[in-house]
C-alpha cells in the first residue's frame, strides 16, 4: 500500500513559490490561508536554504491525537484528512502541529477562527470524490484522478517531491548519489575549483627585484 | 480507512474514482492496480534521471 509523503530537497529549492501558487490556484484557497509556505533560513545570506512546508501527513499525527471532536482520519494511503462538518475551530491541532499546517480562515468577526483548513495532499475530503461539495470544502481531489499533488507536479526544479514514500526516497537517493557533495554539488567544484578557487588560476606572480 | 476514533463521514478510496470528468484515461475507476500504475508513472515524471541517466 502506498504511503504518501512529501520531501523538499533544500539543495534545489529556489524559493520561487510555484508550489504555493499552484496550491492556491488549484483549490481556490481563500485569502489568509496558506496551505503551503516556503520557509527560507538565512534569507539573503550566501548559503541560504529554502524548504516548502505544508502538512507532512504524519504517520502518528499529533493533530489527530489532540482533536477534541475526533474529526481527523488517515486514509489507507497515509493521507491525514479531516471532516470540516465536525470541526469546531478550537485551534488545538494548530498548537499540536510542529509544522503549523492547520490554517484558520478568520471566517467571522471578533476573531472567530472558522473551520480548520490544511493541505489535503490533493486528496479532497469525506465527500463524494470530484463533487462540487468536495471542491468547495476541501479543494480538488487530484489523487482520485490518478494525479499527484499540484505543488509537487508544478515544482520548477523538482525540489518538492510528492507521492509514494518508497519511490520518493528512491528518487532522492539517486539524486544525492549522482550529484555528490561539497564542492561537487551541481558541478561547483568543476566550475570554481575545490575550495572555491577557479581551476587553472595563475599563481601569484613573483615580484622582480 | 485507519480512523481510530474518527466520528465524521466515511470517505472513499481514491482508486474508486468518483466524478471522472478530469481523470481522462489515467486509470480505470475501481481498479486499484491501474491507479497504482498511473501514480507510479506520474512519480517518474518528477525524476529527470530517467531521461538523462
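What the table shows:
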quantity: Pairwise FRET efficiency - residue B:44 versus residue A:10, Cβ, R0 = 22 Å, nearest 0.05; calculated: 0.50
quantity: Length gained when the stretch residue A:192-residue A:178 is fully extended (0.36 nm per residue, less Cα-Cα span); calculated: 3.2 nm
quantity: Segment A:1-72 and segment A:125-184: distance between their alpha carbon centers, rounded to Å; calculated: 11
quantity: Peptide A:62-73 - average C-beta neighbours from other chains (10 Å radius); calculated: 3
quantity: Packing-based ranking, highest mean first, of A:172-178, A:95-101 given that Cβ atoms within 10 Å are counted; calculated: A:95-101, A:172-178
quantity: Shielding by other protein chains, A:143-154, mean Cβ within 10 Å; calculated: 6
quantity: Distance (nanometres) between label positions extended 7 Å along Cα→Cβ at residue B:52 and residue A:49; calculated: 2.2
quantity: Prolate/oblate/rounded label for segment A:4-179 (Cα gyration tensor, a/c 1.5); calculated: prolate
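Since every read-out is calculated from the coordinates, none of them should be taken as a lab result. Remember, it's a predicted structure, so these values are computed and weren't measured experimentally. Note that we place each Cβ from the backbone using ideal geometry, even for glycine, and neighbour counts take in every protein chain shown.
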